[in-house]
Structure formats: C-alpha cells, structure tokens
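Engineer: Here it is: the structure, laid out below.
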C-alpha cells in the first residue's frame, strides 16, 4: 500500500504503519532481527549481496543512494543532485584533495573526477566488491585522478591535514563509533576544510516514539544494514567537540520522498501476497531479503516525521 493525498491524515498514517508491521511479521522474525547487533562483516555482506539488486531495481548507473527530486516525481537525474550541491560550493576554485567515505560502486567519484581533472580524489570503502566495481567505473570514464582503497572510516589512511573536502552520501550512518569517525574526519581535514553529509536521520529519541514508531524506525535501519540511525543534534554536538562546527543543515524530506515512494510501490508489489512473498524471499540472499524492511518502512517513517533526510555541512576552523 502507498498513501494517496485523500488518505494522508495522521490517524490513517498511524494505522497504515501498524498494518505494514503486521504484514512484515508474517514474513520475517522481527524480534530476532531487532535483537541482533551489526558489525563490519554484516555491512560488507549487505553490500556484496545487494549490489546487483541496486543496479536492477534502484539505479542502472550504480548509484547506491536516494535521488533528490524537487519536482515531486522520481527522476534518476536526482542521483546527481547531491554532487551538484557539493560542486556548487567549489566555485570559483575547486579544492586540491577530496575524500569520499563509502564510495560504493563509484557513481559519485565517476561523475565528479572527469569534471575536475585538476583535483586529486580519494575514496575509502569497506567492501571488496565495491572496490572492484568502482575501479571498473573509473577505468570506463577515464578518471586517472582517483585513488580508491579498502578501509575503515574509523582509521583513515590519509595523513593529518591532507584533505580539503570530505563527503559521505548515505555512508556515515554505518560508522560504528560516531565520535571516533568524526575525530578521524577532523584529523585528515586541512584547516578550513569542509565535511558534507547526506543521510537519513532519526528525528526523535526513542523515548518520544510509540511502540510501532520505534519498531518501524529500528527495522528500517536494520534493513539497510544500519545498527541505529544517528540523530542530527547529537552528531552536531559531538562534531563540535572534535573541532568541526556546523555551517549548514538543510531538510530534504520533500526531495527524497519521490524515490522512497517508488521503492514503496516496488516492495508493496513483491509482498502483496504473503505466502508468495515468503517463497520469493527465501530464494534471495539474506541481506537482500531484509532490504524489503527498508523499502517498505522508509517512506511512511519519513512522511510521518519519524525519520528525515538531511544535508549537514561541518567546517574545521581555519588556522
């Protein structure tokens, strides 16, 4: 089910969320999933098992993040909107060194690097499959100004004060230790350097959510291999202790909803008949099956204001 304008009231949203959770209970051991703890190996497994599905159902060009569309209708060109926003801040002169945390299949660096041949681009990612796919993409677009490495954002290989710009598009949510990850970003940034994040965030603490809201928020995270969503105010406060001051925060819920609505329709069609859905999901890799949780719960939780999509820009103090 997806919402229509005529059915879009708070009470109807709450009832719809409850129906969705009941349907998912017929397909997944939800309490077992909620009780699990995610680690690096499970995040790697998620992306290794899902990269072909991302290509088939999400972005044929290899984008692994949500599109941003101002028009209210899904358009795959919106996968580049994050990059345009980053690029717009580079005028009149691009930075010398740019680092992407979690480069995925190489969509972002494959778009930016050919457009800025004088910039040294760096990328780090946990997943060996991503390194192979992104390397293929760099070769295909002729991007010789990109250095890709396997690694962990809790221990970046870059030297102190060696990077002008760090960005992460729906990747920093996987940081298992937010304080340490922010400290690493602050360490590698040059004075005056910038850290730009695009991601989904939990907007209220669990103590302020009802039982269904809390369960939906947690399950949407687990379906995307996220242990728990970060909270913007908490991230900004921790960043300040590491020397990263808030420069800008922008709400992008309206822009991300067309993509979430598209995924909602796709998943709704897959699980419409529970016994057929169980049979279909049983044939899939576990992480790909669980991705149904995110596809079915992200749209309602963002529309209800339980989760939100934000652009957060942090800046290291100049020397």
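The values are calculated or read from the model by the stated rules, or taken from the named source; none is laboratory data. Every value quoted in this text rests on a predicted model; they were computed, and no experiment measured them. Note that we place each Cβ from the backbone using ideal geometry, even for glycine, and neighbour counts take in every protein chain shown.
Engineer: Of the residues that make up segment 186-195, is at least one in contact with a helix residue (DSSP H, G or I) (Cβ under 7 Å, 6 or more places away or on another chain) and modelled with pLDDT of 95 or more?
Structural biologist: There is at least one residue in segment 186-195 that is in contact with a helix residue (DSSP H, G or I) (Cβ under 7 Å, 6 or more places away or on another chain) and modelled with pLDDT of 95 or more.
Engineer: Filter segment 223-235 down to residues that are surrounded by fewer than 21 Cβ atoms within 10 Å (Cβ to Cβ) and assigned to a helix (DSSP H, G or I), then give me how many there are.
Structural biologist: 3
Engineer: Then there is this: If we scan segment 88-95, do we find a residue that is farther than 21 Å from residue 141 by Cβ, in contact (Cβ under 8 Å) with a residue 24 or more places away in the chain and surrounded by 14 or more Cβ atoms within 10 Å (Cβ to Cβ)?
Structural biologist: Looking for residues that are farther than 21 Å from residue 141 by Cβ, in contact (Cβ under 8 Å) with a residue 24 or more places away in the chain and surrounded by 14 or more Cβ atoms within 10 Å (Cβ to Cβ), one finds at least one in segment 88-95, hence yes.
Engineer: Being touching a strand residue (DSSP E or B) at 6+ places or on another chain (Cβ under 8 Å) and either at pLDDT below 95 or at negative phi (or both) is true for just one of 268, 308. Which residue is that?
Structural biologist: 308
Engineer: Moving to a separate point now. Six or more apart or on different chains, Cβ under 6 Å: which pairs go from a residue in segment 40-64 that's farther than 23 Å from residue 151 by Cα to one that's at pLDDT below 95 and outside any loop (DSSP other than H, G, I, E, B)? Could you list them?
Structural biologist: Listed by first residue and then by second, the contacts come to 53/288.
Engineer: Shifting gears a bit: Can we say residue 200 is touching a residue at least 60 places away in the same chain (Cβ under 8 Å), buried (at least 23 other Cβ atoms within 10 Å of the Cβ) and assigned to a loop (DSSP other than H, G, I, E, B)?
Structural biologist: Working: touching a residue at least 60 places away in the same chain (Cβ under 8 Å): yes; buried (at least 23 other Cβ atoms within 10 Å of the Cβ): yes; assigned to a loop (DSSP other than H, G, I, E, B): no.
No.
Engineer: Of the residues 165, 208, which single one is in contact with a strand residue (DSSP E or B) (Cβ under 7 Å, 6 or more places away or on another chain) and at pLDDT 95 or above?
Structural biologist: None of the other options fit; the residue is 165.
Engineer: Might you check whether a residue that is part of a loop (DSSP other than H, G, I, E, B), over 24 Å from residue 85 (Cα atoms) and in contact with a strand residue (DSSP E or B) (Cβ under 7 Å, 6 or more places away or on another chain) occurs anywhere in segment 128-150?
Structural biologist: Scanning segment 128-150, I find no residue that is part of a loop (DSSP other than H, G, I, E, B), over 24 Å from residue 85 (Cα atoms) and in contact with a strand residue (DSSP E or B) (Cβ under 7 Å, 6 or more places away or on another chain), so the answer is no.
Engineer: Something else about it: Can you tell which of 101, 112 is surrounded by 20 or more Cβ atoms within 10 Å (Cβ to Cβ) and over 30 Å from residue 39 (Cβ atoms)?
Structural biologist: None of the other options fit; the residue is 112.
Engineer: For a quick check of your reading: which helices (runs of 4 or more DSSP H) sit entirely within segment 1-57 and have at least 2 residues that are loosely packed, with under 15 Cβ neighbours inside 10 Å and modelled with pLDDT under 95? First the steps, then the outcome.
Structural biologist: Numbers: elements: 10-25, 30-35, 40-53.
Hits in segment 1-57: 10-25, 40-53.
Engineer: With the condition kept exactly as written, say whether any residue in segment 97-112 is under 20 Å from residue 241 (Cβ atoms) and at pLDDT 95 or above.
Structural biologist: yes
Engineer: Considering segment 151-169 alone, what residues qualify as being part of a strand (DSSP E or B) and surrounded by 13 or more Cβ atoms within 10 Å (Cβ to Cβ)?
Structural biologist: Hits for segment 151-169 are 152, 163, 164, 165, 166, 167, 168, 169.
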